[in-house]
Amino acid sequence: MLNIIICGAPGSGKGTQSDLIVEKYTLKHLSTGDLLRKEIAEKSELGKTAESYISQGNLVPDAMIIDILSKHVENQAEDSNGIILDGFPRTVAQAEALEVMMKKLDKEISVLIDLKVDENELIDRLVARGQTSGRTDDNLETIKKRLDVYHCQTEPVNEFYKNLNRYNAINGMGTIDEIFERISTVIDSKR
Ligand code: AMP
């Protein structure tokens, strides 16, 4: 079983690298951002609530996202070798809830990959993505807010996994292939 967390600031390439990891290692991809955007597209009650947080660059409340994620973690397909969590946990409370969830299922997080990208590069990437993504949160004002939220609320999660000896920082600058190569080396060393 290979259960991976991929994290990093908004624009660090989590989604792009997750797609490559999923294909190479046959994992189930769980992106909390994608799950929320699906709810928004379906105009569900949950989606409406989530949108009010997302469009402001804020995190949705812990209880809401933990509830959504736990259902998907429990329903993991039999034919995958594990899961990759992309965009979760984003707070220490979520990390603690994830530990409880995994213990209940008699599983554990194998490794956390933290993609490190310079702040100016992050902003450039997100502004460029905003021109085609149609995402309400890919505009300069909201991008800056998301980066602040990342530093205040999400970065402390790294300490949590450092204490569990699962933390691996990866240089997230360079080509997609170069970064994937670095990630694969770390994953292969944990198998
Ligand atoms: P992402 O696609 O991962 O950049 O997520 C887009 C937005 O969805 C974030 O800026 C948050 O508002 C919300 N979101 C995604 N994952 C989480 C999470 N684990 N906890 C709280 N909010 C989240």
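The values are calculated or read from the model by the stated rules, or taken from the named source; none is laboratory data. Quantities reported herein were computed from a predicted structural model and do not represent experimental measurements. Cβ atoms come from the backbone with ideal geometry, glycine included; neighbour counts cover every protein chain shown. Accessible surface areas use protein heavy atoms only, side chains included; no ligands, DNA or RNA. Shrake-Rupley method; radii C 1.70, N 1.55, O 1.52, S 1.80 Å.
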Could you tell me which of LEU126, LEU85, ILE54 has its Cα farthest along the dipole of the stretch 2-185 towards the positive end, charges placed at Cβ (Lys, Arg +1; Asp, Glu -1), taken about the Cα centre? ILE54
List the GluC sites (Glu not before Pro) within the stretch 28-110 that fall in a DSSP loop (any state other than H, G, I, E or B) and whose Cβ has at most 14 other Cβ atoms within 10 Å. GLU42, GLU78, GLU108
In whole Hz and in residue order, list the ³J(HN,Hα) couplings for the stretch 38-49 that follow from phi through the Karplus curve 6.51 cos²θ - 1.76 cosθ + 1.60, θ = phi - 60°; x for Gly and Pro. 5, 4, 5, 4, 7, 6, 6, 4, 4, x, 5, 5
Taking only protein heavy atoms into account and a 1.4 Å probe, give the accessible area per residue of the stretch 126-191 in Å². 60 Å²
Determine Rg/Rh for the chain; Rg is computed over alpha-carbon atoms and Rh is the Kirkwood hydrodynamic estimate from the same atoms. 0.94
For the chain, what does -39500 (n - 2.57) per DSSP helix run (n ≥ 4), summed and divided by total residues, give at 222 nm, in deg cm²/dmol to the nearest 500? -17000 deg cm²/dmol
To the nearest 0.05, how large is the calculated FRET efficiency for VAL100 and ARG129 if R₀ is 45 Å and r is the Cβ-Cβ distance? 0.85
Under 5 Å from the placed amide H of HIS29, counting only residues 5+ away or on other chains, we find ILE84
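In the stretch 42-91, what trypsin sites (Lys or Arg not before Pro) fall in a loop by DSSP, with at most 14 other Cβ atoms inside 10 Å? Show your work: numbers first, answer last.
Working: sites: LYS43, LYS48, LYS71, ARG90; in loops: LYS43, ARG90.
Of the trypsin sites (Lys or Arg not before Pro), the ones in loops of the stretch 42-91 whose Cβ has at most 14 other Cβ atoms within 10 Å are LYS43.
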Given charges at beta-carbon only (K, R positive; D, E negative), |dipole| of the stretch 45-191 in Debye: 160 debye
Roughly speaking, to the nearest percent, how much of the chain's 1.4 Å accessible area is carbon and sulfur? 48 percent
Local electrostatic count at ALA95 - Lys and Arg +1, Asp and Glu -1, tallied over other residues with Cβ under 11 Å: -2
